[in-house]
Amino acid sequence: MMSKVATLCYLLAAAYATKFVSSFTIPTLQSKTTATTSGNNQGQNYNLALDLLHPLRHSLYQPNVSARSNTFLQSQTTQADVTNTGTTTTPDIIGTVALLVPSSDQPSKFGSKSPVQPPSYREAAEQLARKIKQFSDGRIAAQVVTPSDVDTSSVLTSNALIALGLTTPQDVQFLSRTFRQRRTAGEEEASSTQSLKMCQFAVDCGDNNYAPIVGPYDEANPSVVSEIAPWSDVASGKRLATQMKELFDKQTSDEFALALMLFFNRFIDKIPWVQHSIDVTWEKGLGNVEEIYNMVTKCGPCITKCLADENCKACIEALDEIDTRDQVASYRTVVSYESELLRDFSLCILQKNNIFGCTAEVPKIPYVKPLGAFRGEEMTKDIAKGIMIGHLEGCGDAALEGCKELDVSWKVACGANVAYDQFPSQNQLFYPSAKGDSMWYDPVFRVETIDGRNVWCKRHYRVRNEKVPGTFRFSVLDNGVTSDEFWTIVDVAEDLSWIVFHYAGAAGAVGQRYIGGLLCTPDGTLPPESEMEKIWDVLRSAEIEPWELFVVDNDDTSPGALEAGPPPLDFYRKTASVIG
């Protein structure tokens with residue numbers, strides 16, 4: 001009976017869709033009038049149900065994906081106020097991670113797109129430990145260990161053991177022995193809940209993957225249950241093992257930490273960073289039916305219109321063809337098909353009705369101290385506003401001395417968020433609102449669509465001062481979903497030749513949280529080498545390592561930039577600075 005859970009989900013959802021959307025019809029080119037016969041209505045509604053379920057079918061075989069890996073990138077946090085004052089309480093530790101690195105340091109594969117040399121495995125692991133703390137809100141403790149350490153007990157006692165770059169005979173011998181000991185301990189506890197709380201992987205440790213373990217799933221001793229009972233814990237562990245390996249292989253700190261959050265969330269305790277999912281999954285069981293039922297009953301007209309439109313439906317189908325864990329690919333897909341119908345679709349399902357019951361708060365870890373003074377004066381809200389305006393022309397007295405009167409405030413030279421900061425040609429416009437003390441922020445950036453076109457994307461943020469000068473609250477509606485972000489001016493050159501921002505954001509209606517940092521300059525090129533050591537220290541003060549950065553391609557003469565044409569920099573400004 002339990003083996004038919006997925007089938008029941010599909011059948012019930014189709015039945016609900018057919019029954020409760022009986023008043024909706026799909027418009028056609030042949031007629032603008034609604035169908036009058038019950039037979040036609042029933043057929044159209046049945047097709048609606050099938051179309052709605054079609055893009056979800058493969059997701060049923062995936063574990064809960066991260067809150068960062070959904071199609072619609074931004075939504076509104078439920079947190080009433082984030083001031084990031086630096087006051088924290090010690091959270092309860094729910095689990096531990098041991099990061100096993102080589103006895104003798106050697107370069108890692110992290111930081112391949114950064115402006116600096118790759119870190120050693122130890123350097124990478126030390127930052128990964130900090131990132132694990134950030135993503136878990138301090139609830140997961142991570143320790144860096146080498147096989148030559150005097151005390152290596154944590155490799156046996158930690159919930160998760162991740163080996164990185166062990167290749168020498170002595171290190172490999174230690175790794176093999178440790179994995180065997182952990183596997184034996186897991187087999188002895190197979191009948192207890194403790195067996196669910198173990199995970200081990202070997203990353204970049206030669207050709208042998210050392211048979212990973214994720215919860216009750218052991219690749220070295222596969223269970224037939226994982227094949228015949230996809231709703232079981234062991235099947236969930238098998239799916240998660242594949243997902244975690246893919247994330248580890250991307251060699252970025254964000255995705256590395258994300259993989260571990262997925263494990264802890266699934267088998268130990270809920271992790272807000274990845275707790276919510278907008279996908280159909282085996283883990284949700286019959287909860288999938290309720291979500292689809294609510295989608296159809298609450299947003300039937302929007303769904304009907306979207307699926308009847310060639311462009312909107314193509315977007316839904318395209319999203320079915322990509323790995324939804326890859327946020328860059330997901331965002332590229334969405335911007336490839338941006339339309340009012342797609343906006344209305346996501347606005348109804350995600351923002352207005354929160355069909356998936358998601359919540360998210362702006363992350364408070366790490367606490368980043370804002371710049372306290374500029375050009376010998378204590379930081380004020382007016383000075384901070386002038387710094388944000390940077391080099392933008394036409395801002396009058398709000399701009400500071402040294403403003404170059406350019407068509408942008410700043411350009412992003414490099415950024416530290418794997419999802420957002422790999423897009424080319426990133427322009428930033430900060431300018432005062434026509435009313436009150438608030439500002440507007442218009443990022444204009446280039447995206448290569450999934451069909452190979454180069455297009456400009458633009459967003460329009462409201463910016464409000466936070467309590468501490470140099471900190472700001474950003475909000476934006478992006479494809480029907482609202483986001484809430486906390487930005488900090490970490491440091492800026494006195495001649496406005498560069499600036500470092502830190503941001504933390506949340507997308508409540510899709511359960512999404514994110515953090516990142518930006519190094520910006522007037523023209524988008526990196527500052528002189530003489531400035532870089534100071535800038536790296538500034539980034540480290542925000543718990544960002546230089547190797548985590550992604551260099552942005554701001555070449556206006558590149559084929560992609562030439563194809564896209566001039567960026568629409570004044571699209572919002574020409575009206576916003578007048579009416580609000």
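Quick rundown of the values:
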read-out: Test: residue 539 is assigned to a loop (DSSP other than H, G, I, E, B), in contact (Cβ under 8 Å) with a residue 24 or more places away in the chain and either open to solvent by 10 Å² or more (accessible area, probe 1.4 Å) or closer than 22 Å to residue 427 by Cβ (or both); value: no
read-out: Filter result for the condition that a residue is among the hydroxyl-bearing types (Ser, Thr, Tyr) and buried (at least 23 other Cβ atoms within 10 Å of the Cβ), over 232, 253; value: 253
read-out: Contacts under 8 angstrom Cβ, first residue in the stretch 208-230 being among the β-branched types (Val, Ile, Thr), partner open to solvent by 60 Å² or more (accessible area, probe 1.4 Å) and part of a loop (DSSP other than H, G, I, E, B), 6 or more apart; value: 213/219
read-out: Filter result for residue 216 (open to solvent by less than 70 Å² (accessible area, probe 1.4 Å), in contact with an Asp or Glu (Cβ under 6 Å, 6 or more places away or on another chain) and at pLDDT 95 or above); value: no
read-out: Residue satisfying all of: in the stretch 378-399; among the charged types (D, E, K, R) and in a helix (DSSP H, G or I); most open to solvent (accessible area, probe 1.4 Å) among these; value: 397
read-out: Where residue 369 falls short, out of the listed (1) farther than 30 Å from residue 275 by Cβ; (2) out of contact with any Asp or Glu (no Cβ under 8 Å at 6 or more places or on another chain); (3) open to solvent by 20 Å² or more (accessible area, probe 1.4 Å); value: (1)
read-out: Tabulated pairs, the stretch 346-357, first farther than 18 Å from residue 331 by Cβ and in contact (Cβ under 8 Å) with a residue 60 or more places away in the chain, second open to solvent by 50 Å² or more (accessible area, probe 1.4 Å) and not acidic (Asp, Glu), C-beta under 9 angstrom, 6+ apart or interchain; value: 348/298; 348/301; 355/298
read-out: In the stretch 397-431, residue nearest to residue 257 (Cα to Cα) [restricted to those that are among the β-branched types (Val, Ile, Thr) and modelled with pLDDT of 95 or more]; value: 412
read-out: Number of the exception - residue 482 against (1) touching a Gly at 6+ places or on another chain (Cβ under 7 Å); (2) in a strand (DSSP E or B); (3) of a type in the set (S, T, N, Q); (4) open to solvent by 10 Å² or more (accessible area, probe 1.4 Å); value: (1)
read-out: Tally, over the stretch 504-536, of residues that are hydroxyl-bearing (Ser, Thr, Tyr) and crowded, with 23+ Cβ neighbours inside 10 Å; value: 1
read-out: Filtered residue count, the stretch 336-366, keeping only those that are in contact with a Ser or Thr (Cβ under 9 Å, 6 or more places away or on another chain), hydroxyl-bearing (Ser, Thr, Tyr), surrounded by fewer than 21 Cβ atoms within 10 Å (Cβ to Cβ) and outside any helix (DSSP H, G or I); value: 1
read-out: Any chance residue 109 is of a type in the set (Lys, Arg), open to solvent by 50 Å² or more (accessible area, probe 1.4 Å) and assigned to a helix (DSSP H, G or I); value: no
read-out: Candidate set from the stretch 80-101 (those that are among the aliphatic types (A, V, I, L, M) and more than 30 Å from residue 147 (Cβ to Cβ)); member that is modelled with the lowest pLDDT; value: 80
read-out: Total residues in the stretch 167-177, condition aliphatic (A, V, I, L, M) and either under 29 Å from the mean Cα position of the chain (by Cα) or open to solvent by 10 Å² or more (accessible area, probe 1.4 Å) (or both); value: 1
read-out: Residue within the stretch 508-522 that is assigned to a loop (DSSP other than H, G, I, E, B) and under 21 Å from residue 445 (Cα atoms) present; value: yes
read-out: Qualifying residue in the stretch 114-122 (condition: modelled with pLDDT under 95, open to solvent by less than 10 Å² (accessible area, probe 1.4 Å) and in a loop (DSSP other than H, G, I, E, B)); value: no
read-out: Test for residue 332: is it at pLDDT below 85 and buried (at least 17 other Cβ atoms within 10 Å of the Cβ); value: yes
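The values are calculated or read from the model by the stated rules, or taken from the named source; none is laboratory data. Computed from a prediction, not measured in an experiment: that's the story for all the values here. Every residue, glycine among them, receives a Cβ derived from its backbone with ideal geometry; neighbour counts consider all protein chains shown. Calculation scope for accessible area: heavy atoms of the full protein, side chains included, ligands and nucleic acids excluded. Shrake-Rupley method; radii C 1.70, N 1.55, O 1.52, S 1.80 Å.
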